[in-house]
Amino acid sequence: MLRKLVAVAGVSLALASAVFAQEKTGTRPGFSLEAGSAIIVLVRPEISVGEQSTGGLFEPNADWTAQAREQIAAALQARQGALGNTVQPHDEGAGGDAGVAVQYARLFGSLAQSVMEYQFFPGNRLSTKKRRNSFDWSLGADIKKTFGNTGANYALFVYTHDEYGSAGRKMLQAAGLIASAFGVPVGVTSGVHHGYAGLVDLATGDLVWLNADLAMGGDVRTPEGASRRVQQLLEGFPGRSAPGAAGGVGR
Amino acid sequence: MKFRSALLLFAVTAAPALANSLIPAQPVAGIARSSFAARPEGEWNRLSMRPGKRVETWTLDGPLLNSVRFFGGVLPGEPLLREADKKRAPLPKVQADMLITDVPALLENTYRAQQSVSRMEIEAQEPVRIGGAAAVRFAYRFVRHETDVERRGEAVGAIKGGKLYLVTFEAPALHFFEKDLPKFRQLVATLTF
Amino acid sequence: MAAMLAGKAVAAPLPSALPPYSAAYEPRTVDERGLWMQVDEAEKQLRASNLLIADPTLGAHVRRVLCRTVGEDRCGSVRLYLLELPGFNAAMMPNGAMLVHSGLLLRTRSEAELGAVLGHEFAHFELRHSLAGFARARSATDAIAWISVLGAASGANVGASVQLLAGAFFTFSRALEKQADLLGLQYLRASPYPAGAASEVWAHLLQEQAATALERKYKPNRGRAAGFFDSHPAPADRADYLRAAAGDDPGDAAVAGHRDGMAMVRLPLLMAQVKTGDFGGTAYLIDALAAQSGWTAELLFARAELYRQRGNPRDLATAAQLYADAIRAGPAPPEAHRGLGLALLRSGDAAGGRVALAEYLRLKPDAGDARLIASLVPEDKP
């Protein structure tokens with residue numbers, strides 16, 4: 001009986017995800033990256049990893065986050081190295097105005113949020129952004145002064161947030177599914193795994209690429225999981241097979 | 001129940017009740033359901049969400065990055081934006097005898113009464129004529145508490161027939177304000193009300 | 001101790017000096033480290049906040065008050081952040097970062113009152129309260145989630161039990177707040193400030209809230225019997241037990257010291273408060289400041305702006321009078337002439353209004369609104 005109920009619930013979830021795609025990539029039309037040509041400065045990634053308590057509270061876990069940060073940095077290095085590009089972490093202390101770097105990081109957050117809400121995912125999209133081959137977003141050329149002084153020609157922004165459902169949360173989820181099967185809508189999500197990665201051309205400030213994923217996999221606390229996560233974050237990263245002039249939003 | 005809920009999802013995504021709409025590059029009238037009219041030279045987007053009864057919002061890249069708001073004919077006794085709690089958290093109201101100098105103050109006091117901004121400063125204020133009427137153009141900057149991003153604004157406002165007409169443009173101080181200001185000024189140059 | 005907690009006015013013997021303080025504390029448990037990591041990241045953001053007040057004189061003043069309150073050993077652990085935010089608030093993060101809102105600086109009437117609030121926040125830090133609160137929050141929300149699911153499945157009305165549990169969580173927090181209040185009193189007793197100042201802070205806040213409610217015509221919260229979801233004890237109850245526990249503690253509240261420390265920022269903070277549109281509460285605050293220093297040009301100007309902003313016909317007449325008083329008391333900011341001119345114009349005195357506006361332009365020819373004001377003043381005729 002239980003298995004049948006769970007199977008039934010599983011079907012409705014599958015239908016739901018087919019209707020509402022969870023991941024999207026955007027590329028600036030005409031942009032292509034020759035492998036081996038990029039010197040990428042990695043702005044301090046926003047990484048938070050923790051547990052989701054039974055009651056839905058996010059409990060940050062310092063060890064997991066620190067591990068994830070290390071693994072993601074290593075995986076990024078490996079992946080870009082394979083493409084022949086160089087990745088350097090942004091030195092927050094080095095010369096100039098550390099405050100402006102934070103302002104840009106916050107602004108990038110607003111930019112990424114806007115891309116996701118007003119272009120990528122249905123619900124509140126803007127007409128001018130819904131067109132094929134349209135992907136026109138920028139932070140302005142002045143960004144070069146803040147991130148370009150070590151010779152980098154691109155800046156990579158990464159954000160990933162993971163809440164692993166605790167055992168209590170997973171039990172609650174199962175109980176919720178059972179209740180749902182009896183006709184009482186009780187949706188209990190377990191786990192939150194979303195993130196985005198974006199590449200900015202420092203010469204122009206243009207957002208040349210953004211990949212957003214609202215439901216990622218892989219356990220970022222392990223090397224394999226972090227490697228997989230980086231793979232997902234960088235899915236569609238321009239360069240391996242040049243996408244050509246089309247650009248726009250895919251998947 | 002399971003299939004019903006799936007269908008509901010289809011309904012929501014396929015035919016949203018209130019969608020954002022396109023403002024093409026051509027004359028547009030009846031902005032904010034008022035006598036506001038303009039002739040945009042480029043395209044804009046109109047947001048379906050209204051923060052007030054007489055407000056219409058246009059944007060290019062989304063309101064976090066650029067936002068033009070038309071306040072169309074606000075009457076004496078009415079606030080600029082919707083009040084969360086009329087009794088305990090009232091917003092300042094348009095007053096019948098307000099002077100042109102009270103227009104920028106009304107905007108600032110509205111934001112401050114909402115407790116949503118700090119460091120707001122009205123900078124230059126100048127007399128201009130909009131659509132043949134005496135108006136004020138003013139520049140300002142502020143920080144929104146929730147995002148901690150510094151924003152700049154430019155606006156024009158006038159009192160006509162006892163009602164307040166105001167158009168504001170706001171964007172992050174970093175890059176976006178300067179980028180989109182010319183487009184806002186172009187709108188204002190063609191504005192009538 | 002129990003008697004004190006019960007709020008009875010028993011002169012229990014309090015230690016004359018505070019126990020030794022060891023600053024070195026590293027987070028140990030998994031939860032603690034997670035929380036510290038999060039607040040460390042939050043502090044990084046704070047350092048680059050657009051709301052930070054960088055004024056070194058004000059920063060030094062607040063730090064001096066903190067150190068006089070809790071002692072040099074303790075205040076060395078604190079990194080102070082002053083934020084331009086209009087409300088009455090201060091908070092302390094478990095890693096030693098203390099946030100102070102500018103609204104708190106405006107409302108405290110002496111160094112002792114400011115010290116009382118800062119000491120309370122430091123007490124949370126010394127007692128390691130954040131973690132206890134977090135752990136409690138987690139288990140309470142866990143239980144609430146279970147009740148909701150099971151209740152829904154069984155069709156039972158879950159309302160009552162959710163509320164009961166929620167109440168338990170928040171009562172526990174109120175107990176922590178009271179602990180911090182009482183440790184805060186110990187700091188004050190050991191300091192040069194009078195412990196009675198702590199109770200005064202809450203009494204004033206209640207009066208301010210009553211003034212706001214009166215002008216807006218709603219019944220104020222009587223300040224007793226904290227609302228069900230309140231995480232702090234009710235202000236009136238707090239004023240009471242703090243007064244009782246303070247007993248007879250002598251000291252110099254340093255009213256003048258606080259006034260001097262705030263001198264450069266008082267008018268800008270007051271103007272921000274005026275613009276929030278809370279006529280009753282702001283009038284109360286301005287009156288309280290005037291009771292200490294007398295009616296200075298600055299306070300008369302702020303009061304005038306308050307009336308002109310509300311803008312009823314009688315208000316405009318009052319405002320004009322107050323601007324004139326401010327100018328007479330001197331030195332008043334040039335904006336006093338501006339305010340006078342605009343109040344007169346709106347009252348129908350065009351001639352008087354233009355004279356005042358012309359004086360504003362003479363005093364401040366490069367004002368941001370000079371051209372706008374000039375458009376209200378006709379050209380000088382030969």
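Residues that are surrounded by 17 or more Cβ atoms within 10 Å (Cβ to Cβ) and either small (Gly, Ala, Ser) or within 14 Å of chain A (Cβ to nearest Cβ) (or both) within segment B:65-86 comprise B:Leu65, B:Asn66, B:Ser67, B:Val68, B:Gly72, B:Gly73, listed in sequence order.
Do we have C:Pro250 as surrounded by fewer than 16 Cβ atoms within 10 Å (Cβ to Cβ), within 14 Å of chain B (Cβ to nearest Cβ) and of a type outside the set (S, T, N, Q) here? No. Scanning segment C:57-95 for residues that are under 15 Å from the mean Cα position of the chain (by Cα) and among the hydroxyl-bearing types (Ser, Thr, Tyr) yields one hit, C:Tyr81.
Among residues of segment C:24-36 that are within 9 Å of another protein chain (Cβ to nearest Cβ) and more than 23 Å from C:Cys75 (Cβ to Cβ), those with a beta-carbon under 8 Å from a residue that is in a helix (DSSP H, G or I) and modelled with pLDDT of 70 or more at least six positions away or on a different chain give the pairs C:Val30/A:Ala62; C:Val30/A:Asp63; C:Arg33/A:Ala62; C:Arg33/A:Asp63; C:Gly34/A:Ala62; C:Gly34/A:Thr65.
Within segment B:159-191, the set of residues being among the small types (Gly, Ala, Ser) and buried (at least 23 other Cβ atoms within 10 Å of the Cβ) comprises just one member, B:Ala171.
Within segment A:60-73, residues that are more than 7 Å from chain C (Cβ to nearest Cβ) and in contact (Cβ under 8 Å) with a residue 12 or more places away in the chain have Cβ atoms under 7 Å from residues that are in a helix (DSSP H, G or I) and among the hydrophobic types (A, V, I, L, M, F, W, C) in these pairs: A:Ala68/A:Ala226; A:Gln71/A:Ala226; A:Ile72/A:Ala226; A:Ile72/A:Val230, counting only partners at least 6 apart in sequence or on another chain. Every listed requirement among (1) at pLDDT below 95; (2) within 21 Å of C:Ala211 (Cα to Cα); (3) of a type in the set (Val, Ile, Thr) is met by C:Ile286 save one, (1).
Looking at segment B:29-59 only, could you name the residues that are more than 14 Å from chain A (Cβ to nearest Cβ), over 17 Å from B:Leu166 (Cβ atoms) and out of contact with any strand residue (DSSP E or B) (no Cβ under 6 Å at 6 or more places or on another chain)? Listed by number, the residues that qualify are B:Arg39, B:Glu41. Of all residues in segment A:111-153, those that are in a helix (DSSP H, G or I) and surrounded by 18 or more Cβ atoms within 10 Å (Cβ to Cβ) total 14.
Which of (1) touching a helix residue (DSSP H, G or I) at 6+ places or on another chain (Cβ under 7 Å); (2) within 14 Å of chain A (Cβ to nearest Cβ); (3) outside any loop (DSSP other than H, G, I, E, B); (4) free of Cβ contacts under 8 Å to residues at least 24 places away in the same chain does B:Gly62 not meet, given it meets every other one? For B:Gly62, the exception is condition (3). For segment C:326-345, the count of residues that are more than 28 Å from C:Val265 (Cβ to Cβ) and either surrounded by 19 or more Cβ atoms within 10 Å (Cβ to Cβ) or at pLDDT 95 or above (or both) is at least one.
The criterion of at least 3 residues that are out of contact with any Phe, Trp or Tyr (no Cβ under 9 Å at 6 or more places or on another chain) is met by the following strands (runs of 3 or more DSSP E) wholly inside segment C:64-115: C:79-83.
Does A:Leu33 satisfy being more than 14 Å from chain C (Cβ to nearest Cβ), modelled with pLDDT of 80 or more and farther than 18 Å from A:Tyr159 by Cα? Can you show your working first?
Working: more than 14 Å from chain C (Cβ to nearest Cβ): yes; modelled with pLDDT of 80 or more: yes; farther than 18 Å from A:Tyr159 by Cα: yes.
Criteria met by A:Leu33.
Among the residues that make up segment C:276-284, is at least one of them free of Cβ contacts under 8 Å to residues at least 24 places away in the same chain and in a helix (DSSP H, G or I)? No, segment C:276-284 contains no residue that is free of Cβ contacts under 8 Å to residues at least 24 places away in the same chain and in a helix (DSSP H, G or I).
Per-residue answers, yes or no, for (1) within 32 Å of the chain's Cα centre (by Cα); (2) assigned to a loop (DSSP other than H, G, I, E, B); (3) farther than 18 Å from C:Ile286 by Cβ; (4) not small (Gly, Ala, Ser):
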{"position": "C:Gly339", "(1), (2), (3), (4)": "yes, no, no, no"}
{"position": "C:Leu342", "(1), (2), (3), (4)": "yes, no, yes, yes"}
{"position": "C:Pro365", "(1), (2), (3), (4)": "no, yes, yes, yes"}
{"position": "C:Ile373", "(1), (2), (3), (4)": "no, no, yes, yes"}
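Scanning segment A:1-23 for residues that are within 14 Å of another protein chain (Cβ to nearest Cβ) and modelled with pLDDT of 50 or more turns up A:Ala21, A:Gln22.
Which one is surrounded by the fewest Cβ atoms within 10 Å (Cβ to Cβ), of the residues in segment C:89-120 that are of a type in the set (Val, Ile, Thr) and touching a Gly at 6+ places or on another chain (Cβ under 9 Å)? Looking at residues that are of a type in the set (Val, Ile, Thr) and touching a Gly at 6+ places or on another chain (Cβ under 9 Å), I get C:Thr108. Scanning segment A:124-136 for residues that are facing chain B (nearest Cβ under 7 Å) and either among the small types (Gly, Ala, Ser) or touching a strand residue (DSSP E or B) at 6+ places or on another chain (Cβ under 8 Å) (or both) yields a count of 3.
When the residues of segment A:203-226 are filtered to those that are part of a helix (DSSP H, G or I) and under 20 Å from A:Gln22 (Cα atoms), the one that is modelled with the lowest pLDDT is A:Ala226. B:His145 meets each of the listed conditions (1) buried (at least 20 other Cβ atoms within 10 Å of the Cβ); (2) touching a residue at least 24 places away in the same chain (Cβ under 8 Å) apart from (1). Only one entry of B:Ala124, B:Ala89, B:Ala96, B:Ala155 meets the criterion of being out of contact with any His (no Cβ under 7 Å at 6 or more places or on another chain), in contact (Cβ under 8 Å) with a residue 12 or more places away in the chain, closer than 17 Å to B:Gly52 by Cα and not aromatic (Phe, Trp, Tyr), and that entry is B:Ala89.
The values are calculated or read from the model by the stated rules, or taken from the named source; none is laboratory data. Every value quoted in this text rests on a predicted model; they were computed, and no experiment measured them. FYI the Cβ positions are ideal-geometry reconstructions off the backbone, even for glycines, and counts take in every protein chain you see.
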